[in-house]
Structures are given as C-alpha cells and as structure tokens.
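Read through the structure below, which is laid out as structure tokens, and then see the notes.
The values are calculated or read from the model by the stated rules, or taken from the named source; none is laboratory data. Quick caveat, the model's predicted, so the values are computed rather than measured. Counting neighbours? That spans all protein chains shown, and the Cβs are built from the backbone with ideal geometry, glycine included.
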Amino acid sequence: MIMNYLNREQRRAMIIDAAKEVALQDGLNGLTVRRIATEAQVSTGQVHHHFQSSSHLKAEVFIELMDQLTEVEKQMQTSNSFERLSLLLGFENLEQTQPYLRLWNEAEVLIDQDIEIKRAYNITMERWHSTLVNAIEQGMENHEFSLPLHSPIKDIAWRLIAFVCGMEGIYQLGLNGLDAHSFKHHVEIMLDMELRPKTR
C-alpha cells in the first residue's frame, strides 16, 4: 500500500487534501474523522495521530481553503480595480467561488461553538482585510480611486468587510426586497461612497 512509503508530512498532506475535498462538497460539518479517513484511504487512527482533534483539523482545512480562494481570485481577470474589489468582497455570483463562500458562511455560524474555528476565522479575516487593502492601494496607484484624506485605507477596508458581512446576514434571512440583484446594488453604492471611483 502506498501509505507505507509516505513520510509523516506526506501522510498529513494527504489527509488535508482529502479533507479539503470533503469540505468543498459537504461543508465543515461533513468533516468527520471516519469520512476523512475513508477519502484519504487511511485509518481513523492515522487521522487522530496527525491532528490533535477534529476541530484542529477543520480549522486548518478552513484556513487552507480560504487561502486557496485567494489564489482562485488572483487568477480571475477583472477590467479595473472596482471590479477587483467587487470580486474580493464576494458579491459576484461566480461558480468558482461559491463553494468557498458557503464555507465562510458556515464558519461564521460555528465560531461561537468551536474555539479553533473562531481562531481560524480570525486569521482568514485578517488576511482578507490585507488583500482588500492591497487592492485599494492598487486602485489608488492606477488613479481609479480618490479617497478622503481623513480616512486611512485600512479603515475603509474594515468598513467594507463589515458592510458586506452585515448585508450578507440580512440577505440570508430572505427578507422581502433584498434579492441577489439588490444586494449587489447596495454594495456598489457603498463602494462608490467609500472609494469615489473616478472611472467605472
């Protein structure tokens, strides 16, 4: 069996890769030790050997998948910095990003129940913020944005995150008058207000 020839890190990577596939298909709650062991073709004991708990495994998988989402987004072509921010804020309904965004929403629900998921969520939130800051700075360099002098870019990025997360929460409630089109429209208004793009 091939597992006999893998070193510790290779075995661990195989388990992580299997867990990532399961998470994209069935979410974080689908990450049971038995399911991961089956997909990775290892024993449940091997999974326990490499990870302190299922929570630690879920947290690591979540961080890796959110980093993977960032790489997926980097490969997507956008025509300007405004479109790039729209993509990074997650309100473009794209087939490639939907499984990752579902995971993000699931993790948001789990942070009060699982300290490791909360830790992972905080890490990915900080990384998301840094990505947005970089995108805004790029827009500034391209003379696409004109920001108020009194508002640091890092603060604008946090406000955009807060607005999008809040709108997403309302959208998920299914309230009348807030469909996918109006959700996008409201976020575009917020981007206009914060970034005052000179060109669209």
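Points to keep in mind about this one:
- From the options GLN68, GLN46, GLN25, residue that is in the same structural domain as ARG159 (by TED's automatic domain parsing) and among the polar types (S, T, N, Q): GLN68
- From the list ALA59, ALA107, the one residue that fits, being more than 10 Å from the chain's Cα centre (by Cα), over 24 Å from HIS181 (Cβ atoms) and assigned by TED's automatic domain parsing to the domain that holds LEU178, is ALA59.
- Residue check, ILE136 touching a Leu at 6+ places or on another chain (Cβ under 8 Å), surrounded by 12 or more Cβ atoms within 10 Å (Cβ to Cβ) and in a helix (DSSP H, G or I): yes
- Test for PRO148: is it in contact (Cβ under 8 Å) with a residue 60 or more places away in the chain, of a type outside the set (Lys, Arg) and over 19 Å from GLY166 (Cβ atoms): no
- Residues that are modelled with pLDDT under 75 and of a type in the set (A, V, I, L, M), drawn from the stretch 168-179: LEU175, LEU178
- Test: LYS198 is over 22 Å from GLY30 (Cβ atoms), modelled with pLDDT of 85 or more, in contact with a His (Cβ under 9 Å, 6 or more places away or on another chain) and surrounded by fewer than 18 Cβ atoms within 10 Å (Cβ to Cβ): no
- Residue count for the stretch 21-44 satisfying the condition of being buried (at least 16 other Cβ atoms within 10 Å of the Cβ) and farther than 18 Å from ILE117 by Cβ: 4.
- Flag if GLY90 is outside the structural domain of ALA135 (by TED's automatic domain parsing), surrounded by 13 or more Cβ atoms within 10 Å (Cβ to Cβ) and at positive phi: no
- Pick from the stretch 7-24, criterion in a helix (DSSP H, G or I) and more than 15 Å from GLU64 (Cα to Cα), ranking: farthest from the chain's Cα centre (by Cα): ARG8
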